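The structure appears below as structure tokens.
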Amino acid sequence: MSVPKSLVVLLVIGIGGAPSVGRGQPADSTASGPGSTIEDTSAVARRVATAFAEGNARRLLTPSADRVEISLFGNRTFYSSSQAVYVLREFFRRHPSGRFAVGDVMEAGTSFFVRGEYEEARMARRHHVYVRLDQPQGKDLWNLHEVRIEHAAK
């Protein structure tokens with residue numbers, strides 16, 4: 001059964017919900033950066049939260065799809081997985097990590113969504129973060145497909 005992407009996104013944003021722990025990738029480290037909020041979330045959500053809390057582009061993108069969609073403050077571009085590392089490293093360099101709080105986590109079939117809030121270290125700026133990962137058929141790992149970062153309303 002195929003569910004339109006926009007419907008799934010609306011469900012993620014509108015409903016939220018408890019994280020699913022039935023499926024996921026092999027356990028990532030549960031160590032977190034000093035200001036992260038990572039409680040009762042799956043290994044996939046911990047991977048995303050830890051990567052943002054540490055400002056670690058490589059961890060976020062390992063593993064990732066061949067083509068990764070990155071939307072930074074309204075500018076959306078598709079990158080190869082190796083290019084995406086450099087783009088996100090530059091984002092973390094310009095916007096150093098202060099903390100990351102997981103908002104909603106949802107698994108829908110072979111897609112996994114994490115919504116959270118990223119706070120910069122040096123400035124009191126907050127950003128909304130939306131991450132989509134997909135699980136290839138017959139595989140255990142979740143590949144990062146999309147990262148969207150938007151300014152949070154003040």
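The values are calculated or read from the model by the stated rules, or taken from the named source; none is laboratory data. All values reported here derive from a predicted model rather than from experimental measurement. In this analysis, Cβ positions are derived from the backbone assuming ideal geometry, glycine residues included, and neighbour counts consider all displayed protein chains. Please note that ligands, DNA and RNA were not included when accessible areas were found on the heavy atoms of the full protein model with its side chains. Shrake-Rupley method; radii C 1.70, N 1.55, O 1.52, S 1.80 Å.
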Checklist outcome for this item: Computed for the stretch 41-149: size of charge dipole around the Cα centre, +1 on C-beta of each Lys and Arg, -1 on C-beta of each Asp and Glu, debye to nearest 20, value 360
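Keeping every protein chain in place, order His128, His95, His151 by accessible area at 1.4 Å, biggest value first, i.e. largest first.
Numbers: His128 55, His95 25, His151 110 Å².
In descending accessible area the options line up as His151, His128, His95.
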Checklist entry - Separation between the Gln137 and Arg59 pseudo-spin-labels, each 7 Å from Cα along Cα→Cβ, expressed in nm? => result 3.4
Next on the checklist: Ranking request for peptides 135-141, 62-68: highest mean number of other beta-carbon atoms within 10 Å first, then the rest in descending order.
Outcome noted: 62-68, 135-141
